Amino acid sequence: MIMSRRPRRLRVTDSVRSAVRENNIQADDLIYPLFVVEGDQKKITISSMPGIFKQSIDLILKEIEECTQLGIKAFILFGTPSTKDARATKAYDTNNIVQKATRAIKSKFPDVWLIADICVCSYTDHGHCGILDHGKVLNDESLEVLAKMAVSCSNAGVDTVAPSAMMDNQIQALRTALDKEHLIETSIMSYSAKYFSSFYGPFREAADSAPQQGDRSTYQMDPGNSKEAIVETQIDIDQGADFIMVKPAMSYMDIITKLDAAFDIPLVAYNVSGEYSMIKAAAEKGWIDEKKLVHELLLSFKRAGADLIISYFAKDFLKHQNGFQS
Ligand code: PBG
């Protein structure tokens, strides 16, 4: 018998392997999250996310300069505001930290793709992603605040607004409000399939956004559900989403593949804070090879079907890319 099929022929050298590799990670695929705080020369460590900092606008500008030199062109902004209240009024204040950072970034780097996370959990004193009434998050009242925040961020200069509050009909509310203000070129990146997840723990330390009471299970998706991701995403596309998303990414690769098969608009995978922290912690203990593991991880998101990846690893990955490829 002639043993004609020998797939190992395609694995003989690195040159052959890289020539036949179906997926690759490029700087263009990556979106880097940035945490902005008030002040000057402020660089605050986030204990559960080594290597990631909350920074004042002056240092954020330096950070963006470094990132653009590595080829990163896209950033998603999260703000920790100076004050909070029950109705998140700071979120749509033109002098809020995200709006100020946006103006500063766009005047220095007009070509970067700037995305603003649209959610009020960092802006409410109770830490929920919407307006609260007797322990209940009110959907339609919350839409008004989210829409105002989106218009305010768009007026400040962001290219894209990314609603992550998981309120029903938030895409329609944002699109209607933006269009009314003639902000027709502002695109919407919907966190369309956002699960109720313990993987967000470290982010809540960073954004100071943990709910004081209760949890987010009445608005974020149940981790046991898969078909529901299609339903949620279809609604968002029908209402005008320009990008769709799966979040978290690592535990939800099946959902990435499903949405990629079902929909034809750009699909984003959000490699969230807990996924970052677990890998960092294991690497600190010397239990894994971080550089190789991160390359493998990012490739997995692409292989699963993601077009774009939001990742706290973006900068490190590109910095060490040559090391990663070997
Ligand atoms: C805001 C928001 C969260 C994340 C992104 N936007 C937190 C949450 O929903 O509790 C999580 C990001 C991460 O964990 O990296 N709602």
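The values are calculated or read from the model by the stated rules, or taken from the named source; none is laboratory data. Keep in mind that this is a model prediction, so the values were computed, not measured. Note that we place each Cβ from the backbone using ideal geometry, even for glycine, and neighbour counts take in every protein chain shown. Keep in mind that these areas ignore ligands, DNA and RNA; they rest on the heavy atoms of the full protein, side chains included. Shrake-Rupley method; radii C 1.70, N 1.55, O 1.52, S 1.80 Å.
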How much of the accessible area of the chain, probe 1.4 Å, is carbon plus sulfur, in whole percent? 49
When each pair of different Cα atoms in the range 86-155 is counted once in the 1/r mean, what is the Kirkwood radius in angstroms, to one decimal? 12.7
For the chain, built as a Gaussian network whose Cα springs stay under 10 Å, the top-fluctuating residue of Leu138, Leu178, Leu298: Leu138
Per residue, how much accessible area does the range 24-324 have with a 1.4 Å probe, in Å²? 41
Could you tell me what a quarter of the Cα convex hull surface of the range 1-70 works out to, in nm² with one decimal place? 8.0
Using a 1.4 angstrom probe on the protein heavy atoms only, could you order Asp264, Asp168, Asp159 from most to least accessible area? Asp264, Asp168, Asp159
Summarise the long-distance tail of P(r) for the range 111-239 by giving the % of C-alpha pairs beyond 16 Å. 62
If I model a spin label as a point 7 Å beyond the Cα along the Cα-Cβ vector, how far apart are those points for Asp179 and Asn24 in nm? 4.0
Take the range 21-144, compute every pairwise Cα distance, and split them into 10 Å bins from 0; I just need the percent in each bin. 12, 38, 31, 16, 4, 0
Kirkwood Rh, the chain, all Cα pairs: how many Å? 20.4
For the range 267-309, report the translational diffusion coefficient in µm²/s to the nearest whole number, using Stokes-Einstein at 25 °C, 0.890 mPa s, and a Kirkwood Rh over Cα pairs. 225
Relative packing of 251-258, 21-28, which averages over residues the other C-beta atoms within 10 Å, highest first: 251-258, 21-28
Phi to ³J(HN,Hα) by Karplus 6.51 cos²θ - 1.76 cosθ + 1.60 over the range 16-26, Hz, x for Gly, Pro: 5, 4, 6, 5, 9, 5, 6, 10, 9, 9, 10
